[in-house]
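Right, one structure below, let's go through it.
The values are calculated or read from the model by the stated rules, or taken from the named source; none is laboratory data. Because the structure is predicted, anything quoted here is derived from the model rather than measured. All Cβ positions, glycine included, derive from the backbone under ideal geometry; neighbour counts span all protein chains shown. Surface areas here come from the heavy atoms of the whole protein model, side chains and all, with no ligands, DNA or RNA. Shrake-Rupley method; radii C 1.70, N 1.55, O 1.52, S 1.80 Å.
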Amino acid sequence: MPSGDDFRKIALALPEAVEKETWGHPTFRVRDKMFAGLSEDGTSASLKATKEEQAALLAADPETFSFPAYVGRHGWVGVDVTRVDLGELRDLITEAWRLTAPKRTVKAFDAEA
């Protein structure tokens with residue numbers, strides 16, 4: 001079962017990712033553009049996603065994934081960090097970062113993988 005610390009480590013391992021407190025909780029950004037937010041207790045998060053990915057996740061596992069207030073209409077997805085598989089969490093965070101990071105940065109990241 002992943003923790004908020006696991007979430008933080010995954011997010012901050014991505015190129016140019018930084019943590020910034022916003023609205024009283026940690027957010028994760030690349031070049032000041034937010035790709036993830038984490039609850040204060042680390043049990044839930046919001047991640048940038050496409051609307052198609054959001055719909056697929058909500059349909060597949062509505063107990064783990066949710067439609068977050070404010071940003072859900074833009075495709076973001078809520079995640080119960082304590083219920084999601086660590087590998088899937090890593091994939092979701094990385095994809096959120098990819099949707100936010102500059103194309104050149106993503107290309108360099110992919111070349112290293």
In this model, which of Lys9/Lys51; Lys9/Lys33; Lys33/Lys103; Lys48/Lys103 are farther than 20 Å apart at the alpha-carbon?
Lys9/Lys51
When only DSSP loop residues count, what chymotrypsin sites (Phe, Trp or Tyr not before Pro) in segment 26-90 have their Cβ near at most 13 other Cβ atoms within 10 Å?
Tyr70
Can you give the FRET efficiency for Ser39 and Asp91, using 1/(1 + (r/R0)^6), R0 = 22 Å, r = Cβ-Cβ distance, to the nearest 0.05?
0.65
GluC sites (Glu not before Pro) restricted to segment 30-113 and DSSP loop, no more than 10 other C-beta within 10 Å
Glu63
Which residues among segment 65-92 fall inside the zone where the amide N is under 15 Å from a point 7 Å beyond the Cα of Trp23, along Cα→Cβ?
66-79
Given H placed 1.01 Å from N in the peptide plane, which residues other than close sequence neighbours of Phe35 have an amide H under 5 Å from its amide H?
Phe28, Arg29, Val30
Please list, by residue number, every one of the trypsin sites (Lys or Arg not before Pro) in segment 14-113 that is coil in DSSP and has at most 13 other beta-carbon atoms within 10 Å.
Arg31
Over the chain, the sum of -39500 (n - 2.57) across DSSP H runs of at least four, divided by residue number and rounded to 500 deg cm²/dmol, gives at 222 nm -12000 deg cm²/dmol
How much accessible area per residue does segment 13-96 have, counting only protein heavy atoms and a probe of 1.4 Å, in square angstrom?
55
At a 1.4 Å probe radius, carbon and sulfur cover how many percent of the accessible area of the chain?
52
